[in-house]
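Here the structure comes first, spelled out in structure tokens, and everything after it is commentary.
The values are calculated or read from the model by the stated rules, or taken from the named source; none is laboratory data. Bear in mind that the values here come from a model prediction, so they are computed numbers and not experimental data. Cβ placement follows ideal geometry from the backbone for every residue including glycine, while neighbour counts extend to all protein chains displayed. Keep in mind that these areas ignore ligands, DNA and RNA; they rest on the heavy atoms of the full protein, side chains included. Shrake-Rupley method; radii C 1.70, N 1.55, O 1.52, S 1.80 Å.
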Amino acid sequence: MTERGSATIVAIALVSGLTLVAGGLVGVARLVAAQVQATAAADAAALAAAPLTFLPGDPRGEARDYASANGARLTACVCWSDTSFRSRVVTVTVAKEVVVPVFGSLVVKARAAAEFDPMDLLGG
């Protein structure tokens, strides 16, 4: 009894398995890239909003603009205006949508905080 063609079946199974693994790796890579981008957007948004809690301007609007410029959407901003010379911390949360094969559209979130001390403007 000869089993001609059995190597073809094994090769097809091997190629199919490798294709599934490669597809999974692409999905993981997209998620990691989206998380890194969301983190960068959150950092930028927090750093942009922090000085505007003391200086004239709209800290939440600035955070929204910086998050958007970095491909994310601002979902929360704890950034109240305070004209005192006390140090303050601005916290922002952003979301970024990513399309992952098989799973479809997912949302990754990132949070960042930035401290601002108005005394630094005076050199002290």
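Among the listed residues Val98, Val107, identify the single one that is of a type in the set (Val, Ile, Thr), under 15 Å from the mean Cα position of the chain (by Cα) and open to solvent by less than 40 Å² (accessible area, probe 1.4 Å). Give the steps one after another, and end with the answer.
Details: Val107 fails: open to solvent by less than 40 Å² (accessible area, probe 1.4 Å).
Just a single option satisfies the conditions, and that option is Val98.
Considering the conditions (1) assigned to a helix (DSSP H, G or I); (2) without any contact (Cβ under 8 Å) to a residue 60 or more places away in the chain, Val26 is excluded by exactly one of them, (2).
Among the conditions (1) among the hydrophobic types (A, V, I, L, M, F, W, C); (2) over 15 Å from the mean Cα position of the chain (by Cα); (3) under 15 Å from Thr93 (Cα atoms), the only one that Ala13 does not satisfy is (3). Considering only residues that are in a loop (DSSP other than H, G, I, E, B) and of a type in the set (S, T, N, Q), which ones fall in the range 47-90? Within the range 47-90, Asn70, Ser81, Thr83, Ser84, Ser87 qualify. Restricting to the range 59-82, what's the tally of residues that are under 12 Å from Asp43 (Cα atoms) and among the hydroxyl-bearing types (Ser, Thr, Tyr)? Counting residues in the range 59-82 that are under 12 Å from Asp43 (Cα atoms) and among the hydroxyl-bearing types (Ser, Thr, Tyr) gives 1. For the range 83-95, what are the residues that are basic (Lys, Arg) and open to solvent by less than 20 Å² (accessible area, probe 1.4 Å)? Answer for the range 83-95, where residues must be basic (Lys, Arg) and open to solvent by less than 20 Å² (accessible area, probe 1.4 Å): just Arg88.
Of all residue pairs spaced 6 or more apart or on separate chains, those with beta-carbon atoms under 9 Å, a first member in the range 54-82 that is under 19 Å from Glu97 (Cα atoms) and modelled with pLDDT of 95 or more and a second member that is open to solvent by less than 70 Å² (accessible area, probe 1.4 Å) and polar (S, T, N, Q) are Ala67/Thr75; Leu74/Thr93; Thr75/Thr93; Ala76/Thr91; Ala76/Thr93; Cys77/Thr91; Cys77/Thr93.
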